[in-house]
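K.L.:
Take a look at the following structure, please.
Values quoted throughout were computed directly from the atomic coordinates according to the rules given, and no laboratory measurement underlies them. No experiment lies behind these values; they were computed from the predicted model shown.
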């Protein structure tokens, strides 16, 4: 088992390039199921979750060829209707294959998904949408079987703007007769990136506020470049903030980061935007703030743990109210081991700034909590050891190398 060892207390300074968005790569790869022609996707990050989704597609009958940051997904023979339990139970994004398979084959069998343990994140909205399109759904303790002689467009209104359910219905709607209307849809940048890919494949999609309309279309192959990863960018910027340094995230979309940058400015961080580069500087430290996570364009829940870690060194008290995933607070135990003062009351974290964190041995419980613990270790005095790297590597490509290029003393080694 590999671990990270971090000698904290060093200011991080420099420029670092951001990879393509993991949360855009996963549905983009699944969209290849909608056509028998080839899809070429660029700026695909080298991540465990991406490998899992590509394995899923290969097991379904797709041919996957990867060359660095580019992936070609084509179809050499018939697809199978049953998804691999191994991959779906490792990562819930694999559940997205359900609708495209039903649309193409008339039937799909998909195990119930796994992934990060950050809350219930039920699949009921996915199934509600598929039922509305005329699919028959059978649920068991282990899997979901969905069948339909012909999917038909319908209006579906979500009780919550779920990213996964929106992506499921977006893709399925392209194969359903007539028009599918998704009300109270998610409009995260990654969802809009999927829409751009589907349009390039021949889909007719209209977006009006939180309402998305999808018309039936015969989709074809295309080439697509993913948007930069706003969560990776935010994490790297926070590494600079937590260590009272100055980090520039290179080749990003500043507009995608704006809700996060508003919070950083409130903390007293100096933000500079120059084209596709964003710099966050905090040489004089930061002050406590109150944050409420929310679906886009609100503060992103995937940056909650990392921001909490940075706020441990702020002057005063901060509060983070989590509205998306009730189990998002998995970072707290590890941060407390480093000396953080954190209290959890329901969905609210109260963080009282401390003079300095201290090094500790901690384990990453999930992707974003793991990143938060890395930031805590960078800011702490002394040495920290972080295990559970398989979680972090689901969402961050070469994180240790990037932090080292900014001046961190960090090493991956075998325990």
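K.L.:
So what's the angle, to the nearest 10 degrees on a 0 to 90 scale, between helix 189-200 and the longest Cα principal axis of the chain?
P.N.:
Orientation of helix 189-200: about 30 degrees from the principal axis.
K.L.:
Would you work out the Kirkwood radius for the range 22-225? I mean one over the mean of 1/r across all pairs of different Cα atoms, in Å.
P.N.:
Across the range 22-225, the inverse of the average 1/r is 16.5 Å.
K.L.:
For the chain, modelled as a GNM with alpha-carbon contacts under 10 angstrom, which of 176, 356, 142 fluctuates the most?
P.N.:
Between 176, 356, 142, it is 142 that shows the largest mean-square fluctuation.
K.L.:
Could you work out the equivalent-ellipsoid semi-axes for the range 285-415, taking the square root of 5 times each eigenvalue of the Cα gyration tensor, largest first, in whole Å? Provide the component values of the computation, followed by the final result.
P.N.:
Details: eigenvalues 104, 59, 35 Å².
Computed over the range 285-415, the values are 23, 17, 13 Å.
K.L.:
In the Gaussian network model of the chain, springs joining C-alpha atoms below 10 Å, which of 228, 259, 113 carries the largest mean-square fluctuation?
P.N.:
Maximum fluctuation in the GNM of the chain, among the listed residues, is at 259.
K.L.:
Take every Cα pair under 8 Å in the chain that's 6+ residues apart, average their separations, divide by the length, and report that relative contact order as a whole percent.
P.N.:
Numbers: 1039 pairs, mean separation 87.2, N = 415.
Computed over the chain, the figure is 21 percent.
K.L.:
Roughly how tilted is helix 367-379, in degrees to the nearest 10 and between 0 and 90, from the longest Cα axis of the chain?
P.N.:
20
K.L.:
Something else: Taking 8 Å as the Cα distance limit and 6 or more residues as the minimum spacing, I'd like the relative contact order of the range 22-225 as a percentage.
P.N.:
Values: 443 pairs, mean separation 41.4, N = 204.
Over the range 22-225, the number comes to 20 percent.
K.L.:
Next question, about the same structure. Considering only C-alpha atoms, what is the centroid distance from the range 303-325 to the range 210-250, in Å?
P.N.:
21
K.L.:
Please state the equivalent ellipsoid semi-axes for the range 343-415: what are the square roots of 5 times the Cα gyration tensor eigenvalues, largest first, in whole Å?
P.N.:
Calculated on Cα positions only, the semi-axes equal 22, 16, 11 Å.
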